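Report on the following structure.
The values are calculated or read from the model by the stated rules, or taken from the named source; none is laboratory data. Keep in mind that what you see is a predicted model, and the values were worked out from it rather than measured. Reconstructed Cβ throughout: ideal geometry from the backbone, glycine too, with neighbour counts over all protein chains shown. Protein only, heavy atoms only, side chains kept; ligands, DNA and RNA dropped before computing areas. Shrake-Rupley method; radii C 1.70, N 1.55, O 1.52, S 1.80 Å.
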Amino acid sequence: MLKKITNIGDCGIICDFGDEVNKETNKEVIQLFNFIKDSVKTKKIKGILNYTPSYNKLIINFELGKIKSKKIIDFIKNSDYSKTIFSQKNKIIEIPICYDEEFALDLNRMEEKTKLNFREIVKEHLNTDFFVYMIGFVPGQPFLGDINRNLYHDRLDTPRIKINKGSVGIVEKFCTIYTFESPGGWNIIGKTPLDLFDINKKKTSILSPGDTVKFKSITKKDLLYFKNE
Amino acid sequence: MSNYFKVLRPGINSTFQDLGRFGLQHLGIVASGCMDQFLFCTSNKLVGNKVSEGALEFAYQGPLLELAGETVLVAITGKVNFNIINKNGEIKQGLSNTSFELSNGDKIDILSTINSVYGYFSISGGFKLKEIKGSVSTLVRAKIGPNSGDKLKSEDKIFFNKSKFLDKTKKIHFDFDEDNTIRAMKGLQIDYFSKKSQEDFFSKEYEITRLTDRMGMRLKGKELKNLVNKNIKSEGITKGSIQIPGDGQPIILLSDHPTIGGYPKIANVISADYDKLVQKTPGTKIKFKLVDLTVAESAFLEYVRKF
């Protein structure tokens with residue numbers, strides 16, 4: 001439930017849905033996000049520049065001088081967005097992943113910590129229906145959940161300086177996919193050849209907040225010959 | 001005859017920018033856009049363009065460019081030391097904040113910004129730039145924008161549209177605000193910090209360090225003590241947010257900021273003081289002044305009156 005709306009700076013507001021990070025809370029965030037996005041598209045409200053959902057919050061940025069925060073706050077308070085569909089599509093998006101040891105940099109450490117063997121970890125990962133909580137930090141990077149509790153794993157004490165694009169990582173109940181080469185502290189268990197993000201495509205990001213994702217195991221050979229459409 | 005500038009030296013961080021790319025932050029794409037909105041818009045006004053036309057932003061040292069093509073009307077805004085070298089090799093000192101003509105074979109050598117960081121180079125009629133999702137702003141980190149999303153490089157060619165000519169050159173008088181007080185509103189997690197640290201933040205001097213770029217500005221000063229939690233659940237970020245990581249030293253998030261982040265935020269710089277802030281050079285000691293939304297909104301009205 002939307003707990004409170006607060007100003008952040010002079011050109012933003014934050015809609016706070018409480019402290020819990022779970023799918024139920026996030027679905028409400030995404031519902032409001034979709035509602036605002038549609039309202040901007042259909043020009044029901046003007047002057048909104050950006051809307052950024054995260055686990056339990058939605059930030060809305062607006063053009064100062066075009067609209068006042070009070071007007072946006074009233075707009076939200078007087079709207080019933082509970083009927084807004086929360087995902088744009090109902091189908092499950094499949095993401096190929098190669099768990100070959102060349103890419104699964106942290107599988108050994110995870111085996112030790114979780115007391116599961118490689119095969120069991122992979123099976124758990126493949127069996128999970130992942131929910132896209134949010135996208136960001138860098139363009140296109142998704143934060144997916146929830147991983148089964150027996151796979152929970154802390155962030156690396158010392159982050160790696162370089163993690164390759166396409167690397168799939170785990171921290172606690174979340175899974176991420178690196179869309180750019182970058183530093184990072186996630187436990188890497190595999191790699192996808194799929195380009196999740198391409199600014200030159202009409203559909204810039206394959207994933208949107210609220211989507212459902214399932215991983216599909218591929219061989220190293222499949223990975224090498226994989227063609228992004 | 002095609003008209004272009006040849007890049008003989010790219011400068012430190014020369015990128016094309018406009019007012020920003022909006023509506024995509026939920027996919028991890030930050031708005032980017034010019035750092036100093038007033039100088040960006042002014043550079044366009046001086047050459048008769050619409051204010052939102054894409055321009056070249058440079059930081060500290062700008063590029064050395066050679067014109068191949070017809071005579072053009074251009075302008076450089078900021079406090080900028082630059083020379084115009086004509087094709088006979090004669091060097092003439094350039095005047096910033098004034099539009100002027102360049103002819104075939106002329107070179108423009110943007111040597112440095114003076115006691116400031118950013119300057120803008122605009123051309124009448126505009127540069128020929130490829131719009132990406134409605135904007136020509138460049139986000140180098142993600143290779144988004146014209147020029148393959150990259151900074152200028154040596155040997156690049158910058159094409160432009162046919163110049164529209166004004167009857168006479170235009171100029172503005174312009175001075176930076178030398179005052180080092182930056183107004184800010186309370187941040188979302190200000191209560192995470194001790195009362196003493198909240199007071200320190202809004203009264204002590206913080207020095208701008210060299211670890212400053214289009215993404216953020218790292219400050220150095222009195223350590224700010226977090227009593228609650230050094231991390232928060234990652235949430236969306238707004239330009240001008242001041243986050244305090246575990247080491248207690250503030251980082252102000254600027255135009256190319258990450259779209260979400262997990263550090264508590266103590267304050268937010270008000271929109272009216274953003275241009276002033278980004279022009280302060282490393283080593284400058286700034287002070288934050290606490291203001292509320294009403295003050296921030298009226299300060300913004302005053303700020304846009306300059307345009």
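Given a 1.4 Å probe, how much area per residue of chain B is accessible, in Å²? Each step should come with its number before you reach the end.
On the way: 12780 Å² over 307 residues.
For chain B, the per-residue accessible area is 42 Å².
For A:C98, A:C11, what's the largest-to-smallest order of accessible area, 1.4 Å probe?
A:C11, A:C98
Please compute the modelled spin-label separation between B:N229 and A:L224, points set 7 Å along Cα→Cβ, answer in nm with one decimal.
4.6 nm
With a point put 7 Å past each Cα toward its Cβ, work out how far A:N164 is from B:L8 in nm, to one decimal.
Taking the two extended label points, one gets 4.4 nm.
Counting only protein heavy atoms and a 1.4 Å probe, tell me what percentage of chain A's accessible area is made up of carbon and sulfur.
Values: 5680 of 11380 Å².
Its accessible area is 50 percent carbon and sulfur atoms.
Using only Cα atoms, tell me the angle between helix B:37-46 and the longest principal axis of chain B; keep it within 0 to 90° and round to the nearest 10.
So the inclination is approximately 20 degrees.
A:C175 accessible area, nearest 10 Å², 1.4 Å probe?
Accessible area, nearest 10 Å²: 0 Å².
Could you derive backbone 3J(HN,Hα) for the range B:51-59 from the dihedral phi with the Karplus parameters 6.51, -1.76 and 1.60 (θ = phi - 60°), listing whole Hz in sequence and x where the residue is Gly or Pro?
Coupling constants for the range B:51-59: 4, 8, 4, x, 9, 8, 9, 10, 10 Hz.
Give the long-range amide H neighbours of B:M215: residues separated by 5 or more places, or on another chain, with amide H under 5 Å away, using H modelled in the peptide plane at 1.01 Å from N.
When sequence neighbours closer than 5 places are left aside, the close amide H contacts are B:D256.
Connecting C-alpha atoms closer than 10 Å in a GNM of chain B, tell me which of B:G69, B:G283, B:G216 has the biggest fluctuation.
Maximum among the listed residues: B:G283.
Counting protein heavy atoms only and a 1.4 angstrom probe, how many square angstrom of accessible surface do chains B and A bury in total, to the nearest 100?
Approximately 3300 Å² gets buried when B meets A.
At 27 Å minimum axial length over the Cα atoms and a Kyte-Doolittle cut of 0.0, report the qualifying DSSP H helices in chain A, or say none.
Both cut-offs are met by no helix.
In deg cm²/dmol, rounded to 500, what helix-only [θ] at 222 nm does chain B give when every DSSP H run of at least 4 residues adds -39500 (n - 2.57) and the total is split over its residues?
-3000 deg cm²/dmol
Distances over 25 Å make up what percent of all Cα-Cα pairs in chain A?
45 percent
Report, in deg cm²/dmol and to the nearest 500, the calculated mean residue ellipticity at 222 nm for chain A, where each DSSP H run with n ≥ 4 adds -39500 (n - 2.57) and the sum is divided by the residue count.
Helix contribution divided over all residues of chain A: -7000 deg cm²/dmol.
Given contacts defined as C-alpha pairs under 8 Å and at least six residues apart, what's the relative contact order of the range B:181-305, whole-number percent?
Result for the range B:181-305 is 37 percent.
Grab the Cα-Cα distance for A:E101 and A:I85, subtract it from 0.36 nm times how many residues apart they are, and report the gain in nm with one decimal.
Result: 1.7 nm gained on full extension.
What order do you get for B:225-234, B:238-247, B:5-14 when each peptide is scored by the mean count of other beta carbon atoms within 10 Å, highest first?
Per-residue Cβ counts within 10 Å, averaged per peptide and sorted highest first, yield B:238-247, B:5-14, B:225-234.
Hey, got the Cα dimensions of the range A:112-190 along the principal axes, in Å, largest first?
That gives 32, 27, 17 Å along the principal axes, largest extent first.
Compare B:F121, B:F288, B:F22 in a GNM of chain B, Cα atoms joined below 10 Å, and give the one with the largest fluctuation.
B:F22
Top mean-square fluctuation among B:D275, B:D36, B:D175, Gaussian network model of chain B, C-alpha springs under 10 Å?
Taking springs between Cα atoms under 10 Å, the residue moving most is B:D175.
Probe radius 1.4 Å, ligands and nucleic acids left out: which of A:E101, B:E57, A:E112, B:E101 has the largest accessible area, and how do the rest follow? Mind showing how you got there, number by number?
On the way: A:E101 160, B:E57 0, A:E112 140, B:E101 110 Å².
Largest to smallest exposure gives the sequence A:E101, A:E112, B:E101, B:E57.
Reported to two decimal places, what Rg/Rh ratio describes the range B:186-307 when computed on Cα atoms with Rh from the Kirkwood expression?
For the range B:186-307, the value is 0.95.
Once the Cα atoms of helix B:293-305 and of chain B are each reduced to a long axis, what angle between those two axes, in degrees from 0 to 90 to the nearest 10, is obtained?
Helix B:293-305 and the main axis of chain B meet at about 10 degrees.
Please report, in Å, the Rg and the Dmax of the protein assembly as shown, where both are computed over Cα atoms only.
According to the Cα coordinates of the protein assembly as shown, Rg and Dmax are 24.6, 79 Å.
Ranking request for peptides A:146-154, A:103-111, B:129-137: highest mean number of other beta-carbon atoms within 10 Å first, then the rest in descending order.
Those peptides, ordered most packed to least, come out B:129-137, A:103-111, A:146-154.
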